[in-house]
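Single-structure report; data block below.
Bear in mind these aren't lab numbers, they're just calculated from the coordinates by the rules spelled out. Since we're looking at a predicted model, the values are computed, not measured. As a convention, Cβ positions derive from the backbone with ideal geometry for all residues, glycine included, and neighbour counts pool all protein chains shown.
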Amino acid sequence: MNFFKILSTGLIIVIFSLNTQFSCAQENEKICVGEKIKIKSSILGHDRDIFIYLPPRYNQSNATYPVIYATDAENTFLIISSLLEVLPQQGFLPNAIIVGIPNRGEKERYVDFAPEIQGQPESGRAELFIDFLEKELFQYVERNYRTQSFRIIQGHSFLGMFACHVFLTRPELFNCYVISSPDLRWIKENI
């Protein structure tokens, strides 16, 4: 089974799970699925929190990994990282690094990821965010982690629209686009 089919199969489960929350722990046991880092962005003009998930046994090997850039990470990071704890062991997905991109807030979500929309004066920062991805975030991740050159973006709803916008304007940035229920009303003229 090729990488794309395996990845698509696993991420379809994520799509159906986006509105589900998981919570479990044993008493006095810490569960750690990643780390939160802060990246200073001169392109965006503010710092961005980023979540990083490394595959099991990352520190015990020299292996390289594809990278999944998960948008809306405050909702999707735990789900996707949980799936990548289990599905590779079952042979359904390869191990991967997850870079979660959380939103700064609901209002900022629409400002940060919107292409220029007629009649919406605060729109149009999507191009800046794409530049941030290409020139700052990709470079940080590829400099600090053992990555393969295979990049995946995941987006749902409004961030599904953002992923579509990236695909339409700069398709070479990602090898795979996992887009579910994109809100295309904002970019329908471009499709």
*Starting from the Cα of residue 167, step 7 Å along the direction of its Cβ; do the same at residue 128; then give the gap between the two resulting points in nm.*
2.6
*DSSP-defined beta bridges in the range 43-191 - what % are antiparallel, rounded to 5*: 20
*Label-to-label distance, nm, for residues given as residue 90 and residue 146 (7 Å Cα→Cβ offset)*: 2.6
*Using only Cα atoms, locate the centre of the range 132-191 and the centre of the range 87-116, then give the distance between them in Å, rounded to an integer.*
9
*Work out from phi, with θ = phi - 60° and the Karplus expression 6.51 cos²θ - 1.76 cosθ + 1.60, the ³J(HN,Hα) of each residue of the range 66-81, listed in order in whole Hz, and give x for Gly and Pro.*
x, 10, 9, 9, 9, 7, 6, 4, 5, 10, 10, 4, 5, 5, 5, 5
*How would you rank 78, 128, 93, going from fewest to most other Cβ atoms within 10 Å of each one's own Cβ?*
128, 78, 93
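Only counting other Cβ atoms within 10 Å, I'd like 32, 176, 164 sorted with the fewest neighbours first. Let's see the in-between values first.
Working: 32 6, 176 16, 164 21.
Fewest to most other Cβ atoms nearby, the residues stand as 32, 176, 164.
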*Per-residue HN-Hα couplings for the range 92-101 [Karplus 6.51, -1.76, 1.60; θ = phi - 60°; Hz; x = Gly/Pro]*: 8, 9, x, 5, 8, 8, 10, 10, x, 10
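I need 172, 122 ordered by Cβ neighbour count within 10 Å, fewest first.
Working: 172 8, 122 11.
So the ranking, lowest neighbour count to highest, is 172, 122.
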_Run the simple label-point estimate for residue 104 and residue 139 please: 7 Å along Cα→C-beta, distance reported in nm._
2.0
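Please compute the length gained on full extension between residue 58 and residue 37, using 0.36 nm multiplied by the number of residues separating them and subtracting their Cα-Cα distance. Walk me through the numbers on the way to the answer.
Numbers: separation 21, 0.36 × 21 = 7.56 nm, distance 1.78 nm.
Computed gain between residue 58 and residue 37 is 5.8 nm.
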